[in-house]
Amino acid sequence: MSGERDDSTAAHAMADLSEGTGRRFTRFIGVNLGGGRGKTTAVARLERAGRGVRLVEARMRHGHRGGGEDTLGDGDPLLRDEVLVAYLLRHLDDETAVAINAPLTLPPCIRCPLPCPGVQACAVPVVAWMRRHAPALLTHRGRSDRGKPAVTPYTQRASDLLLAHAGLQPRESLGQGMGPLAARAAYLRHALSPQLRLHENLIEVHPPATIIRLFGAAVERRLGRGPADEVAEQRRKIFVGLGEKLRFDYVWPEIVVRSPHIFEAVLSAFTAFLWATQGWQGPADLAPPASEESEAAIVRDPLGPALAEFDALWLEDGWIWVPPVQTRPGPAAPAGPQRPADAPGGPV
């Protein structure tokens, strides 16, 4: 389901991104969440402009040159907890949506208050769902230990299993290196409640999954690999593929394509814009188009039955929002643009 698309067709996504009634937001804030010290945390703020959005702020610290409007305020220049909470509260209103690229819910075993009978005997609905569907969803994952359990609901959520099956490369919620991020995200949810409400004006996103859905797995694989100049050029092509939907307005494009943290913050905010304007449904967005479902297959895809039984469980278990499957080809994307590295704004 992940698909293989060359970056010469990077505009595939935008041909399918027709706007529906959607959700009524005009400001979209993306957070690339790093550790509590704030050194790798970045924020990006998009403001609605016609049928698209303009990037008015993107930074990792107060005073970041080229980051657009600086609204972090005085004091600690890094996006530590107090600074990040104050920044989000400063911009929050009824027309603001926030997207964070870290787990916003904990795995079911961690949040369960009941006496534990063990995973195999557990009757909690989402754990029973994971136990029932994980073996089929996670086949051919290359496990070296054949005795390893198919599912560990104390480190995984159902969304991890579903996105992994769809080829969207999710990070295991409490897998290696994710514990501190998940803990910080849980703290931020608590500190920002009730102003931020999950699935209402707060969503969890995964920028690599957005890129895979909009541009193809081959394009995503090229990001973050190779010499810095080549990686920056690949990131520029992503923004070219987004066309007029995303305009740089105060922010220097060079700081976005040169920093993986700011790049992911911008993509997180743009994912929130797409979520808001296109009426995404949640787990149903993973389902293939009807034409693909009807094609004869030697082995039936277990995704359909898993999604059917998942039903409303995701509202509590959490969801990683990704674009629906793209079905119509779009115009070919132009080659990466040529522009001075110190240009203060304008299109990328």
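The values are calculated or read from the model by the stated rules, or taken from the named source; none is laboratory data. Small disclaimer: the values here were computed from a predicted structure and weren't measured. Virtual Cβ from ideal backbone geometry, glycine too; neighbours counted across all protein chains shown.
Before moving on, here are some points about what is shown:
- Of all residues in the range 27-55, those being charged (D, E, K, R), in a loop (DSSP other than H, G, I, E, B) and farther than 17 Å from P77 by Cα number 1.
- Helices (runs of 4 or more DSSP H) fully within the range 195-306 that include at least 1 residues being closer than 30 Å to T139 by Cα: 207-215, 217-222, 260-278, 290-294.
- Counted as qualifying within the range 56-147 are the helices (runs of 4 or more DSSP H) with 1 or more residues that are under 30 Å from A44 (Cβ atoms), namely 81-91, 108-111.
- The requirement of being within 29 Å of E316 (Cβ to Cβ) and touching a residue at least 24 places away in the same chain (Cβ under 8 Å) is not satisfied by A228.
- Answer residue from the range 25-64, given it is farther than 22 Å from H206 by Cα and modelled with pLDDT under 90 and is surrounded by the fewest Cβ atoms within 10 Å (Cβ to Cβ) among those: G63
- Unmet requirement for A10, which otherwise passes all of (1) among the small types (G, A, S); (2) farther than 17 Å from R247 by Cα; (3) at pLDDT below 95; (4) crowded, with 21+ Cβ neighbours inside 10 Å: (2)
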